[in-house]
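Engineer: Handing you a structure now.
Values quoted throughout were computed directly from the atomic coordinates according to the rules given, and no laboratory measurement underlies them. Worth saying up front: this structure is predicted, and the values here are computed from it rather than measured. Cβ atoms come from the backbone with ideal geometry, glycine included; neighbour counts cover every protein chain shown.
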């Protein structure tokens, strides 16, 4: 089971990462994290095939957030992202966990946030959703495309924001990538769609 102290420490580290971002959604996510208690409401650890890439992905994360995740990743509830819409050809190479949100370890109804793991050389196809979204790269290098336009490579500690319904896709390079993600606004999963 993910320990309350570890979860509190991880929440504090994520808040520090959010403080470094100038996007308004980062401020909203940070405010939501400040108001949550560390009462773990859901914590059934679960692994999916992509979790084999986690040890390599977390070893390159600098600082306390890397140490916390590396010692606790196997206690998180991982699943394939995309709410059942991800192509089976990549579903064993990508994983997500919701730390805070409607189905997260910490229950919250107005924000959703967690971690996304991508295997090396993986393209997460173009998708969109009603939620405004923020990603912060924790490890790896990812080529990012928004509305069919490349915005270049994002490296650790770099962030990107997607407006509601803004199509976006990403592709990892030769190493796995681990990212923090956060949704604000309309966070209903049923708004997710592949483009």
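Engineer: From Cα pairs below 8 angstrom and at least 6 apart in sequence, can you work out the relative contact order of the chain, rounded to a whole percent?
Structural biologist: Values: 448 pairs, mean separation 43.8, N = 195.
22 percent.
Engineer: Show me the ranking of peptides 116-126, 22-32 by mean Cβ neighbours inside 10 Å, starting with the highest.
Structural biologist: 116-126, 22-32
Engineer: Can I ask one more? Counting pairs of alpha carbon atoms under 8 Å apart in space and at least six apart in sequence, what relative contact order in percent does the range 47-128 give?
Structural biologist: Relative contact order, the range 47-128: 28 percent.
Engineer: While we're looking at this one, here's another question. Cα-Cα pairs above 31 Å in the range 4-194: how many percent?
Structural biologist: 6
Engineer: When Rg is the radius of gyration of the Cα atoms in the range 83-195 and Rh is its Kirkwood radius, what does Rg/Rh come to?
Structural biologist: With Rh from the inverse mean 1/r over Cα pairs, Rg/Rh is 0.93.
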